[in-house]
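Here the structure is laid out as structure tokens; the discussion comes afterwards.
The values are calculated or read from the model by the stated rules, or taken from the named source; none is laboratory data. From a predicted model like this one, the values you see are computed outputs, not experimental measurements. Note that we place each Cβ from the backbone using ideal geometry, even for glycine, and neighbour counts take in every protein chain shown.
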Amino acid sequence: MKNICKVAALGLVAGALALSTGTKAQAQDSMSMTATSSSTMTPSPVSGTVLRYYVDRAGFVSAMDVQAADGVKMVRFSPAMAQRLTGTYPVGSQISAYATSSGMGSMMSYDLAGLGTDMPTPSSMMMPMNVTDLDVLRSSPYVMLGGKAMRTTGRLTGYVPDPDNGTVLAIILDNNTLVRVPAENRLPQASMTPEGVTPLFKNSDVVVAGYDEAPRYGIVSPYSKRIVATAISVNGQPLGPFGFGKLATRNKDTLLNFNLNFFGGSSPREVQASDSGYSTYMAPAAPAM
């Protein structure tokens, strides 16, 4: 398979391979948050009730809202910490932690630096993330060594656009699947979209050829399956080099941007978080006994 190009880097399961998509893969694969230039490396305590967890545009749980004594604080963390955090501190439970701060005003956010009531030492402190969720989707994806080519079908229910150039980085299918769009089908567009570009309509029939994306340690995601596509067909039309064309992106482009009622009943905090590409994580219901 000519697209398989290199052994997986730090942060991936051993034995994974990257599919070359014209973008060099990020070594810090499990990191999907942004550290701002206004961040401070001196951690401060953050304690209170866990209100909700958030999913980023790459489809990973990577942030939570904590109701502290001085207000609600969004605390971001590596996706590799998600299983530990959601298992130890489910929604409604109390958490004691330390975090470094970033941003300003109403969108002040915090990066998890340590858990517990004791301030972390410099050597043990978790560092702010420097790779965004969009960087993860733009980078070369990884598949397992010896992974078998497969075919998946479903209906289109959502997409993740690149705000820089309007190309579609990933699409969402109704069978709980996130599909990574190949870089060769994400060529930047001119101001006038060329003819023949595959339309992007909700409930379109999609056929995907590709490989399962390599699993990542400790992650939690609303998606049961992640596919690294090598070819995509929509309503019988193969996706060409111009992909889905250039989309007009908005501040609130999240994984659920086809759902026009997404913000109905959401708290102001959730609506505010959506400006940074976060949607509220709804944990699956426990199976009936």
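Some notes on this structure:
- Hits in the range 140-181 - residues which are more than 12 Å from residue 226 (Cβ to Cβ) and of a type in the set (Ser, Thr, Tyr): 140, 153, 157, 159, 167
- Residues of the range 100-131 that turn out to be surrounded by 12 or more Cβ atoms within 10 Å (Cβ to Cβ), assigned to a loop (DSSP other than H, G, I, E, B) and at pLDDT 90 or above, as a count: 2
- Cβ-Cβ under 8 Å pairs, at least 6 apart or on other chains, the range 220-244 side within 11 Å of residue 204 (Cβ to Cβ), far side of a type in the set (D, E, K, R) and at pLDDT 90 or above: 234/205; 235/205; 236/205
- Once the range 206-216 is narrowed to residues that are out of contact with any Ser or Thr (no Cβ under 7 Å at 6 or more places or on another chain) and surrounded by fewer than 20 Cβ atoms within 10 Å (Cβ to Cβ), the residue that is nearest to residue 60 (Cα to Cα) is 215.
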